[in-house]
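Below: the structure, in structure tokens.
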Amino acid sequence: MIESLLRRFGALLGDKSVKPVLVDDGETAPHPPPCVHLLPRSQDELVACVRLAFEERVRVQPVGGNSAPSAFRRDPDPYLLLSTEFLDRVIEHAAEDLTVTVEAGLAIDELSDQLRPAGQKLPFVNSRGPRSTIGGHLAVGQDGPTAKAYGRLRDQILGMTVVHGDGRVARTGGRVVKNVTGFDLAKLYVGSRGAFGIVLQTTLRLRAEERAACRIEFDFADLKDALLAGATLRARAPDLFSLQLAHAAGKSPWRIQVRLRGEEALVEALGEECFALVRGDDDRRILPDQTGAVAPTESTQWRELRAGIRPSEIAPLLNSLDSEFLSRVSFVADLETGLVRMQSDPETWDHYLIPASSFTGALAPLTPALTGDFDLIEAHAWNVLFPWTAPTRAAEAVVSRLKSNFDPSAVLPKPPAY
Amino acid sequence: MVPPTLLHDFERLLGPDRCLTDPGVLLAYECDGLTHFKVRPSAVVFPTTTAEVQAIVRACVKAEIPFTPRGAGTGLSGGAVPAQGGVLIEFARMNRILLVDAENRVAVVQPGVVNARLSETVRPLGLAYAPDPSSQTVCTLGGNAAENSGGPHCLKYGATTNHLVALEVVLPDGDVVRLGSERAFDNGIDLRGLLIGSEGTLGLVTEITCRLVPIPARIETLLAPFATIVDACRAVSAIIAAGILPAALEALDERTIKAVESSVYRAGYPANAGGVLLVELDGHPAEVDAQSARIREILLEHGAFNIEAANDPVHRAKLWKGRKGAFGAMGRLAPDLYVQDAVVPRSKLPEVLPAIGRICDELGLPLANVFHAGEGNLHPNISYDGRDPDQVARVVEAGRRIMMVCLEAGGTLSGEHGIGLEKQEFMPLLFQDDDLQSMRLARAAFNPQELLNPGKILPTPRACVEVRSAARKPA
Ligand SMILES: Cc1cc2nc3c(=O)[nH]c(=O)nc-3n(C[C@H](O)[C@H](O)[C@H](O)COP(=O)(O)OP(=O)(O)OC[C@H]3O[C@@H](n4cnc5c(N)ncnc54)[C@H](O)[C@@H]3O)c2cc1C
């Protein structure tokens with residue numbers, strides 16, 4: 001099978017763009033499946049690959065910077081690793097309109113470098129490393145620390161062109177900043193991990209680089225004091241760019257991290273207000289702002305759990321967690337959006353939670369203080385999205401009809417849970 | 001034709017006062033704010049709960065009768081018109097605010113809640129619901145969800161989709177689903193986002209969880225008069241290019257100013273201005289002051305004279321009165337008003353606006369512009385008499401030509417009013433067959449029988465061919 005795929009795709013793309021691979025990402029898959037790595041040089045070539053895959057009924061895993069794990073790596077069947085690596089053009093940077101149209105395989109960091117001379121930037125940050133691409137970022141669809149100030153990732157997309165599972169190319173939206181012409185299908189493509197279509201190109205909203213930016217950190221020995229400071233800032237300083245509570249594994253302080261961005265006068269005045277609101281003898285610092293995400297110490301071996309909860313549930317969640325467990329995880333909570341990330345080594349997770357095979361419900365025993373359910377977004381470790389509340393059958397039925405309409409032979413990845 | 005048994009079922013379910021069938025009364029429901037398209041429904045029903053909506057939908061499906069949702073009927077693209085007859089499901093009485101959670105800044109409402117009422121309710125808590133369509137004292141949040149409505153302050157805060165975090169929806173087969181979540185800021189497949197802006201063709205929204213925003217500490221409104229509207233548009237492009245994002249950036253041209261100033265909406269706009277900009281800044285006082293200084297400089301550089309700044313609520317309300325009342329003021333000029341809603345890249349405003357003026361001059365139609373300049377969202381308004389077929393034909397032709405000009409400038413058909421019945425035939429000018437087919441496939445996944453709000457948004461494949469070939473002919 002692999003030989004015949006190599007031949008057919010070789011005829012399509014030329015031999016140097018088609019490579020056999022054995023995927024071994026060092027993770028837990030016992031028998032990594034064989035696959036063919038395709039490196040189309042243009043959107044047309046990529047579309048031709050999907051058409052051929054559709055004819056051959058062989059599954060396609062789109063890859064951008066390969067910074068998110070593959071959906072198929074635990075499957076035994078062969079599949080195509082379809083790289084967007086060479087789809088890396090900036091098609092149009094309309095600086096005066098603050099929009100940019102790019103191909104999906106362009107690295108986020110590279111695009112950011114290209115926008116910088118115009119004093120502009122993307123309205124989101126790259127939280128997955130230097131090779132992470134625009135297409136991959138949109139397919140995963142995660143929000144980060146800019147969400148409070150700039151809005152959610154899915155709201156930054158003005159237009160998109162995708163190829164569906166049957167090779168049909170479809171465009172949605174456009175290049176203007178306001179648009180209700182037809183269904184907003186981009187919403188369906190963002191966050192669905194390529195289940196309905198592979199992103200070929202997209203038009204994004206841009207932001208002007210603010211004139212001033214800084215980061216203020218307040219360190220607290222006691223979690224309660226940190227939570228109080230966070231609550232005070234949230235209630236009394238609505239103009240903060242972001243407000244996060246962080247803790248690094250193995251270290252003691254709880255840190256309130258505030259970002260300020262805007263006119264110089266704003267950053268200065270708001271900084272003073274933050275100091276006045278958060279009194280006490282604890283440590284505090286003003287630092288230059290970096291555009292990167294506020295992330296805990298990361299290690300490739302570590303596992304991350306992301307949860308979206310109500311901002312008011314952050315304090316009860318932390319208060320109910322075992323203090324020994326807390327000391328061993330790196331933790332970041334966005335106090336404005338309720339986005340919580342926890343990272344730790346596999347042993348800690350396994351010891352305090354439950355084995356990987358039955359992860360759903362993992363947080364339940366640890367969080368008796370939470371009265372209701374909450375949405376558990378993702379555990380990288382197992383590369384699945386676990387919704388805390390199971391989707392209703394009716395919603396599942398809609399998703400499966402969408403899937404079969406857009407990808408009739410199921411060559412694209414499965415839709416994540418939602 | 002709706003079978004009498006179905007009407008009896010509705011009367012039994014809702015009582016006679018919540019099921020209207022008298023043809024005289026139904027007359028009021030045959031169109032929305034766009035009066036071109038009129039179709040009388042066979043019945044109008046007024047549910048008050050999700051269960052009632054579900055029962056109505058199931059009964060319609062069983063009888064294979066089309067059904068169309070309606071909010072306040074202020075839509076401007078014919079979205080709430082029952083294009084193929086049948087039952088109109090009117091949400092006006094499903095109008096309770098169910099929960100306000102100030103700590104998490106969300107509110108849960110029924111779809112018939114009027115937009116402005118939500119902001120009034122949460123104002124004592126220091127909060128507001130940001131999207132503010134000019135029709136906000138009448139239009140419903142369900143209608144806003146369906147249209148993904150905008151408003152002057154959506155420039156900074158984003159349109160409706162940015163503010164609705166979760167929806168309860170009755171699907172066209174009567175099943176109920178919850179889409180999105182107030183909790184997860186990041187939750188995979190976004191059916192919520194697909195439903196918003198689907199113009200009531202994918203599902204009936206029965207409950208909405210809205211995000212609320214803190215009321216800014218400081219608000220300043222600037223009124224900047226210019227000699228011409230084109231000068232005003234150049235200033236808009238320069239403000240955007242400078243990377244400044246005001247809360248609102250609205251424009252009114254000379255004819256609109258005259259209409260406003262001779263109406264009850266008089267706002268004191270200067271009589272000698274060929275155009276004015278209303279610029280609103282909000283946020284931290286330090287930010288507002290600094291931005292105000294930068295913006296004034298840009299305005300002056302582009303020819304603004306006598307800039308007026310309003311910092312107190314009474315003065316600000318006075319400046320906004322003319323903008324908010326502009327449609328009302330123009331409505332007095334002729335029996336009917338046609339409002340276009342195309343969008344162009346903001347840098348193209350200075351060239352597109354004169355082109356639109358020329359089209360109306362050629363067709364002998366009075367044009368007035370009042371629009372969301374900061375987003376490039378035009379609203380050319382044409383006053384006319386709908387009883388005169390010649391005028392109607394010229395208005396329709398002007399609409400078509402304006403649309404072509406905007407598309408050629410890299411724009412789109414609608415920024416906030418939707419496609420509905422009005423612009424569906426123009427969709428093939430913007431989208432290829434495969435693009436439209438994707439939209440059909442999305443609709444089929446939700447609404448396979450097309451009993452829910454049929455005949456909207458998507459053109460028939462034959463219409464695609466006709467419109468494209470007509471567009472190629474010289475005008
Ligand atoms: C003077 C005036 C000014 C306006 N200004 C603006 C403006 O600034 N910005 C703007 O965006 N629009 C504006 N509009 C247009 C209009 O007010 C908006 O489109 C508004 O959202 C319509 O709300 P409605 O309750 O009147 O809905 P309707 O007109 O009754 O319905 C609109 C659409 O929503 C669907 N619908 C209604 N309720 C539901 C529901 N519960 N579930 C599913 N579908 C539903 C209908 O089927 C229809 O397709 C203006 C209109 C007027 C007349």
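The values are calculated or read from the model by the stated rules, or taken from the named source; none is laboratory data. Quick caveat: nothing in here was measured; it's all calculated off a predicted structure. Every residue, glycine among them, receives a Cβ derived from its backbone with ideal geometry; neighbour counts consider all protein chains shown. Remember, those area values only see protein heavy atoms, side chains included, never the ligands or the DNA or RNA. Shrake-Rupley method; radii C 1.70, N 1.55, O 1.52, S 1.80 Å.
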*So how many residues does the stretch B:135-153 have that are within 6 Å of the ligand (Cβ to nearest atom), open to solvent by 20 Å² or more (accessible area, probe 1.4 Å) and farther than 19 Å from B:VAL169 by Cβ?*
1
*Look through B:VAL264, B:VAL205 and report the one residue that is more than 14 Å from every other protein chain (Cβ to nearest Cβ), surrounded by 24 or more Cβ atoms within 10 Å (Cβ to Cβ) and within 16 Å of the ligand (Cβ to nearest atom).*
B:VAL205
*asked:* Let me spell it out: the conditions are (1) touching a residue at least 60 places away in the same chain (Cβ under 8 Å); (2) assigned by TED's automatic domain parsing to the domain that holds A:ILE134; (3) of a type outside the set (A, V, I, L, M, F, W, C), and A:ARG259 meets all of them except one. Which number is the exception?
replied: (2)
*Could you list, in sequence order, all residues of the stretch B:210-227 that are away from the ligand (no atom under 14 Å from the Cβ) and under 30 Å from B:SER77 (Cα atoms)?*
B:ARG211, B:LEU212, B:VAL213
*Quick check: anything in the stretch B:156-163 more than 19 Å from A:ALA147 (Cα to Cα) and more than 8 Å from the ligand (Cβ to nearest atom)?*
no
_Under 6 Å between Cβ atoms, which residue pairs at least 6 apart in sequence (or on different chains) link something in the stretch A:48-64 that is in contact (Cβ under 8 Å) with a residue 60 or more places away in the chain with a partner that is polar (S, T, N, Q) and part of a strand (DSSP E or B)?_
A:VAL63/A:SER83; A:GLY64/A:THR133
*Specify which of the listed residues (B:ALA251, B:ALA304, B:ALA271, B:ALA232) is more than 16 Å from the ligand (Cβ to nearest atom), outside any helix (DSSP H, G or I) and open to solvent by less than 30 Å² (accessible area, probe 1.4 Å).*
B:ALA304
*Of the residues in the stretch B:171-195, how many are farther than 21 Å from B:LEU451 by Cβ and either under 19 Å from the mean Cα position of the chain (by Cα) or assigned to a strand (DSSP E or B) (or both)?*
4
*Sort through B:GLU199, B:GLU168 and tell me the only one that's of a type outside the set (A, V, I, L, M, F, W, C), within 16 Å of the ligand (Cβ to nearest atom) and in a strand (DSSP E or B).*
B:GLU168
*Quick one: would you say B:VAL138 is closer than 26 Å to B:HIS372 by Cα and among the β-branched types (Val, Ile, Thr)?*
yes
*How do the pairs read when you match residues in the stretch A:275-286 that are at pLDDT below 70 with residues anywhere that are assigned to a helix (DSSP H, G or I) and surrounded by 12 or more Cβ atoms within 10 Å (Cβ to Cβ), using Cβ under 9 Å and keeping only pairs 6 or more apart or on different chains?*
A:GLY280/A:ASP225; A:GLY280/A:ALA229; A:ASP282/A:ASP225; A:ASP282/A:ALA226; A:ASP282/A:ALA229; A:ARG284/A:CYS274; A:ARG284/A:PHE275
*asked:* Which of the helices (runs of 4 or more DSSP H) found entirely inside the stretch B:361-475 contain at least 1 residues meeting this: more than 16 Å from the ligand (Cβ to nearest atom), at pLDDT 95 or above and more than 14 Å from chain A (Cβ to nearest Cβ)?
replied: B:389-408
*Could you please tell me which pairs satisfy a Cβ distance under 7 Å, a separation of 6+ or placement on different chains, a first residue in the stretch B:36-48 that is within 23 Å of B:ARG387 (Cα to Cα), and a second residue that is surrounded by fewer than 21 Cβ atoms within 10 Å (Cβ to Cβ) and among the small types (Gly, Ala, Ser)?*
B:VAL39/B:ALA83; B:VAL39/B:GLY85; B:PRO41/B:GLY85
*Any residue in the stretch B:53-68 that is away from chain A (no Cβ under 14 Å), near the ligand (Cβ under 10 Å from one of its atoms), within 20 Å of the chain's Cα centre (by Cα) and touching a residue at least 40 places away in the same chain (Cβ under 8 Å)?*
yes
*Filter the stretch A:230-274 down to residues that are assigned to a helix (DSSP H, G or I) and open to solvent by less than 10 Å² (accessible area, probe 1.4 Å) and give me whichever is nearest to the other protein chains (Cβ to nearest Cβ).*
A:LEU266
_Filtered residue count, the stretch B:83-96, keeping only those that are open to solvent by 60 Å² or more (accessible area, probe 1.4 Å) and away from the ligand (no atom under 14 Å from the Cβ)_ = 0
_Would you confirm whether or not the stretch B:97-104 contains a residue that is more than 8 Å from the ligand (Cβ to nearest atom), farther than 25 Å from A:ARG205 by Cβ, open to solvent by less than 30 Å² (accessible area, probe 1.4 Å) and not assigned by TED's automatic domain parsing to the domain that holds B:ALA43?_
yes
*Under the condition of being among the charged types (D, E, K, R) and part of a helix (DSSP H, G or I), which residue from the stretch A:311-328 is farthest from A:ARG341 (Cα to Cα)?*
A:GLU324
*For the stretch A:101-183, which fully contained helices (runs of 4 or more DSSP H) count at least 1 residues that are surrounded by 24 or more Cβ atoms within 10 Å (Cβ to Cβ), among the aliphatic types (A, V, I, L, M) and facing chain B (nearest Cβ under 10 Å)?*
A:134-140
*Go through the stretch B:120-153 and count every residue that is within 14 Å of another protein chain (Cβ to nearest Cβ), under 18 Å from B:ALA107 (Cβ atoms) and either assigned to a helix (DSSP H, G or I) or of a type in the set (A, V, I, L, M) (or both).*
7
*Determine whether B:ALA80 is among the hydrophobic types (A, V, I, L, M, F, W, C), near the ligand (Cβ under 8 Å from one of its atoms), surrounded by 24 or more Cβ atoms within 10 Å (Cβ to Cβ) and away from chain A (no Cβ under 14 Å).*
yes
*Name every residue in the stretch B:272-321 that is within 14 Å of chain A (Cβ to nearest Cβ), of a type in the set (Asp, Glu) and within 22 Å of B:TYR157 (Cα to Cα), in order of residue number.*
B:ASP282, B:GLU287, B:ASP289
